[in-house]
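Every read-out reported here was derived from the displayed coordinates using simple, explicitly stated rules and does not represent laboratory data. Owing to the predicted nature of the structure, the values given are computational and were not obtained by experimental measurement. Ideal geometry is used to build each Cβ from the backbone, glycine not excepted, and the neighbour counts take in all protein chains shown.
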Amino acid sequence: MPLIQLTDVEKIYPLGNQQVVALSEFSLSIDKGEFTVLAGPSGSGKTTVLNLIGGIDQPTRGRIEIEGRDVGRRSTRALADFRLRHIGFIFQSYNLIPVLTAAENAEFTLMLQGMTKPARRARIRDLFADLGIGGLENRKPRDLSGGQQQRVAVARAMASHPAVILADEPTANLDSQTAEGLLDLMHRLNRQHHTTFIFSSHDPLVISRARRIVRLRDGRLEDDRVQQP
Amino acid sequence: MLLSLALRNIWRNKRRTLLTVSAMVVSSALLILALGIFSGMLNDMLAAATEQYRGHLVISMPGYQQDREIFNSFVPDFVLLEELDKDPDVLGVSPRLRGFGLLSHGHNTYPAELLGIRPRKERQVTNLEKHLTGGRYPAEEAADEALLGRGLAQKLGVEPGDELVFVTQAADGSIGNDLLTVTGIFATGDTTHDNSLVLVPLAWLQKVMVLENKVHEIALRIHRPDKASVLADRLSALLPGQLRIVTWGSLMPELQEAILSFDASRLIVAVILYLATGLGILNTVYMSVMERTREFGVLMAIGMRTWQIRLLVLSETLIMGLLSLIVGCGLGAFMTLYMQQVGIDLSRHLTPITYAGSTILPRLHAVNEAGNYLLPAVMLLIIALLAGWLPARRAAKLQPADALREE
Ligand SMILES: Nc1ncnc2c1ncn2[C@@H]1O[C@H](COP(=O)(O)OP(=O)(O)O)[C@@H](O)[C@H]1O
Ligand SMILES: [Mg+2]
């Protein structure tokens, strides 16, 4: 059984009197431990796919299953719980909470899960060291570089050991060298922890680093292939 | 951590927070001060009516308080006076005889109300000695000393030491008259009393009016004027014969009405004042929620529940409300205390206003009363909660996907 299964998914956004078809007849299955990129130009539906898998958006039609369970038809409450336990999000613009320190940002999901503070701190210390941002725990996001912020965001996504990490154009705001570093890191985490990574990008350099490339165009699957390293 | 997040969110926009908090502080402090002054005014009115003249409870024959008929007198029972004196809820017991007649000094003659009293007893019930402007309170053993209001003294042209002649119709139909010596002059601000009331020794008045041993009423001062009717019910069991006991409230129904309606008026004033404040807070919290749309999207995406989002926003307003409440009550207490100790005298600009059977003194003078803090405090918290409710709901209703797309 695949980890993630999208079957004939359609997503239509109402826009005034019109309708925007963001995704149509879209099917995709992803196994545990994959390192997959959703590639395609802006507006092709990458973010929509990630949002649907992450359960922060619902499909207009079709089924989305994670570990065999339908994500699309759950209550808001169940979805929040599902995200908390199974999904890690990384966003293009980092989206750290500005009033919290780096460590507090990273441990937020652990806090929501009810983990005690010492246990949280211990895990965050290890994680920060592993991600090369050890010592930055007490900095506020505004005192960190873009690359450092994105690593804190990775730490936040990784902290609760989710099954899937969804990263929407995680390197778009980073220079190419920092982007490379981040991809190396994601690769390593994927290997070491068997965490499934699904990220989106329209940068050829980034796309070339993925093992599987799923190309989208105008909300449809254009191409799906595994490339040899 | 949720609490610390709320606290930090409050400090995020310091200027806006300070503005909102000061609005709440100022409105609650002013409300507390206004209620304190309002209370002070009612206290003044109650005091003017009861502590300067009537007493809180009055025992008399049926109908006497309405017609003040000279024959409607009684011989006070010695045992009754003893028992009243001993009652723990009673602070003072003063038997009184009342006589209306004419007072003359030289060529000046004016009508007056003479209250025959025993100084030691009367001082436990009314406090005219606090309002002396000249001379002294009549002595206990004095035979013919008179304490009179300033207005009357001025019209008669007398000062302490001067002699007065009192003429009245006595109980036996004869014309009673005798001499009095002015010993003191009082001014309460209540024109009815200042222009006509005269305190004289009880025995002297009994002799002039040929009502030996008789009195018209027994005035009482009690511990809890607000519970006067409860005590009246209890004491009425002690009364022999036809005697009746009435409360200040039934003697001055309008005043009682004014005091009883204070709770309602307090509420109305608070609601009106806080309505404006509440809208201000609502606006601020709305703005701060809208600005953080994306942030709420992130929090939801990483697994925060809607109730937690709601709680976050609500605690932000509640914390601001609590902070304002502490500072506002402190400031309000400070201003009330100042107005209690110092007050503002308006007697050069205003004359006393007679209202509801009593007098509103021309002064701003506050009293500290727990209810005057409790209401503004509770209302402020309710307002903060209400003002936080809509934005909190709005934040909790955000769709994370939409919120995240927001710039
Ligand atoms: N909330 C929305 N309302 C209307 N149209 C939307 C909304 N979200 C996305 N779209 C549209 O759906 C299409 C796919 O968007 P998106 O998934 O964000 O693409 P990508 O991430 O590949 O740039 C675009 O045409 C976009 O304008
Ligand atoms: Mg996108």
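Normalising the average separation of contacting C-alpha pairs (under 8 angstrom, six or more residues apart) by the number of residues puts the relative contact order of chain B at 26 percent. Anyone know which of B:Val79, B:Val158, B:Val58 comes out most mobile in the 10 Å Cα GNM of chain B? Greatest mean-square fluctuation among the candidates belongs to B:Val79.
Stretched out straight at 0.36 nm per residue, the stretch from A:Arg142 to A:Asp224 would grow longer than its current Cα-Cα span by 25.6 nm. In order along the stretch B:376-381, phi translates into HN-Hα couplings of x, 5, 4, 5, 5, 5 Hz, rounded to whole numbers, per the Karplus curve 6.51 cos²θ - 1.76 cosθ + 1.60 with θ = phi - 60° and x for Gly and Pro.
Determine the percent antiparallel among the DSSP beta bridges restricted to chain A, to the nearest 5. Antiparallel: roughly 55 percent of the beta bridges in chain A. Taking Cβ atoms as reference points and 11 Å as the exclusive limit, the residues near B:Val246 contribute a net charge of +1, counting Lys and Arg as +1 and Asp and Glu as -1.
When the convex hull of its Cα atoms is viewed from all sides, chain B shows a mean projected area of 25.2 nm². Below 8 Å between Cα atoms, with a sequence gap of 6+, how large is the relative contact order for the stretch B:62-242 in percent? Result for the stretch B:62-242 is 30 percent. Placing unit charges on the Cβ atoms only, positive for Lys and Arg and negative for Asp and Glu, gives the stretch B:363-407 a dipole magnitude near 120 debye about its Cα centre.
Highest GNM mean-square fluctuation, chain B, Cα pairs closer than 10 Å: which of B:Val21, B:Val230, B:Val198? Of B:Val21, B:Val230, B:Val198, the Gaussian network model singles out B:Val230 as fluctuating most.
Comparing mean-square fluctuations of A:Leu183, A:Leu205, A:Leu38 from a GNM of chain A with C-alpha springs under 10 Å, the top value falls on A:Leu205. Amide H to amide H, with H built 1.01 Å from N, B:Leu346 comes under 5 Å of B:Arg363, B:Leu364, counting only residues 5 or more places away or on other chains.
Each of B:Lys227, A:Lys140, B:Lys214 was scored by other Cβ atoms within 10 Å of its Cβ. Arranged with the fewest first, they read B:Lys227, A:Lys140, B:Lys214. Applying the Karplus relation 6.51 cos²θ - 1.76 cosθ + 1.60 with θ = phi - 60° to the stretch B:331-336 yields 3J(HN,Hα) values of 5, x, 5, 4, 5, 5 Hz, where x marks Gly and Pro. Ordering A:Ser201, A:Ser42, A:Ser93, A:Ser27 by the number of other Cβ atoms within 10 Å of each residue's own Cβ, fewest first, gives A:Ser42, A:Ser27, A:Ser93, A:Ser201. Seen from every direction in turn and averaged, the convex hull around the alpha carbons of the protein assembly as shown projects onto 41.1 nm². Ordered by the count of other Cβ atoms within 10 Å of each Cβ, fewest first, A:Arg83, B:Arg393, B:Arg15 give B:Arg15, B:Arg393, A:Arg83.
Its convex hull of Cα atoms gives the stretch A:117-229 a direction-averaged projected area, equal to a quarter of the hull surface, of 8.2 nm². Were the residues from B:Val210 through B:Arg348 laid out at 0.36 nm apart, the gain over their Cα-Cα distance would be 45.3 nm. Taking amide H atoms as placed 1.01 Å from N in the peptide plane, the amide H of A:Lys32 lies under 5 Å from those of A:Leu3, each 5 or more residues away in sequence or on another chain. Taking amide H atoms as placed 1.01 Å from N in the peptide plane, the amide H of B:Leu91 lies under 5 Å from those of B:Arg221, B:Ile222, B:His223, each 5 or more residues away in sequence or on another chain.
List the pairs from B:Lys121/B:Lys227; B:Lys155/B:Lys227; A:Lys32/A:Lys140; A:Lys11/A:Lys32; A:Lys46/A:Lys117; B:Lys86/B:Lys130 whose alpha-carbon separation is above 30 Å, in the order I gave them. Pairs exceeding 30 Å: B:Lys155/B:Lys227; A:Lys32/A:Lys140; A:Lys46/A:Lys117. Each residue of the stretch A:164-172 is assigned a 3J(HN,Hα), and the resulting list reads 10, 10, 9, 10, 8, 6, x, 9, 4 Hz, derived from the Karplus form 6.51 cos²θ - 1.76 cosθ + 1.60 (θ = phi - 60°), x at Gly and Pro.
Given R0 = 56 Å, the distance between the Cβ atoms of B:Val165 and B:Asn368 translates into a calculated FRET efficiency of 0.70.
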